[in-house]
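I have placed the structure first, in the form of structure tokens, so that the comments after it can refer back to it.
The values are calculated or read from the model by the stated rules, or taken from the named source; none is laboratory data. Values in this document were obtained by computation on a predicted structure and should not be read as measured data. As a convention, Cβ positions derive from the backbone with ideal geometry for all residues, glycine included, and neighbour counts pool all protein chains shown. Just the protein is used for accessible areas: all its heavy atoms, side chains included, with ligands, DNA and RNA removed. Shrake-Rupley method; radii C 1.70, N 1.55, O 1.52, S 1.80 Å.
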Amino acid sequence: MKFHFVEKKVSVPEEIHEYARKKIGKLDKFFKVESEATVTFGKEGSTSSVETTLNSDGLMYRAREKTEDYYIAIDKCVTGIENQIRRNKTRLAKNLHHNIFAREVPPVLNEPEIDEELHFDVIRKKRFIVKPMTVEEAILQMNLLGHKFFMFRNFEDGNAFSVVYSREGGGYGLIISE
């Protein structure tokens, strides 16, 4: 398992990094391919926070814990991710299609011209491979990440770019590109 450590407004000793490698590394037994873990440490007053994101062959699992101690937070994150994996193992195995995690990325379309008088501050950028999957798999992935929306290529609709999102009144919405 590959590890990336991020420290936000805090300096964490190497022994805590080693503890995280040891504990989170045990989750590797659930995956067939090498996975990546990003562990983010933070501090808010006397509260220590740890966010762990695990990426294995395109599926992402995330847990976030705030406690008084980094060791306890790491243990709780590992337990949370392990529970997510166990809860969704059967469902994921049932729904995954052959070749669902193709590594191809379509070429970027020409961006429309923007009026130069307007100025938009982009605070954060993320890049990721948009993978083909069913709507149910996309909703499952969105829920595993704890997000309000999730972009994917709709396997059931000719790999059209699609977005699923949580509706305020309950249920989910689906946007499909033409």
### Task
Output the number of residues of the range 118-132 satisfying the condition of being buried (at least 16 other Cβ atoms within 10 Å of the Cβ) and either touching a residue at least 60 places away in the same chain (Cβ under 8 Å) or not in a strand (DSSP E or B) (or both).
1
### Task
Report whether or not Val10 is of a type in the set (Val, Ile, Thr) and assigned to a loop (DSSP other than H, G, I, E, B).
yes
### Query
In this structure, does Val135 turn out to be within 28 Å of Gln84 (Cα to Cα), open to solvent by less than 100 Å² (accessible area, probe 1.4 Å) and modelled with pLDDT of 85 or more?
yes
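Quick one: which strands (runs of 3 or more DSSP E) sit completely within the range 15-73 and have at least 2 residues that are of a type in the set (D, E, K, R), modelled with pLDDT of 90 or more and under 26 Å from Asn88 (Cα atoms)?
Fully inside the range 15-73 and qualifying: 59-67.
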#### Entry: Residue check, Lys32 touching an Asp or Glu at 6+ places or on another chain (Cβ under 9 Å), closer than 23 Å to Glu15 by Cα and among the basic types (Lys, Arg)
no
### Summary
Flagged in the range 65-75 as out of contact with any Ser or Thr (no Cβ under 7 Å at 6 or more places or on another chain) and open to solvent by 60 Å² or more (accessible area, probe 1.4 Å), in numbering order, are Tyr71, Ile72
### Residue satisfying all of: in the range 138-169; in a helix (DSSP H, G or I) and of a type outside the set (A, V, I, L, M); least open to solvent (accessible area, probe 1.4 Å) among these
Gln141
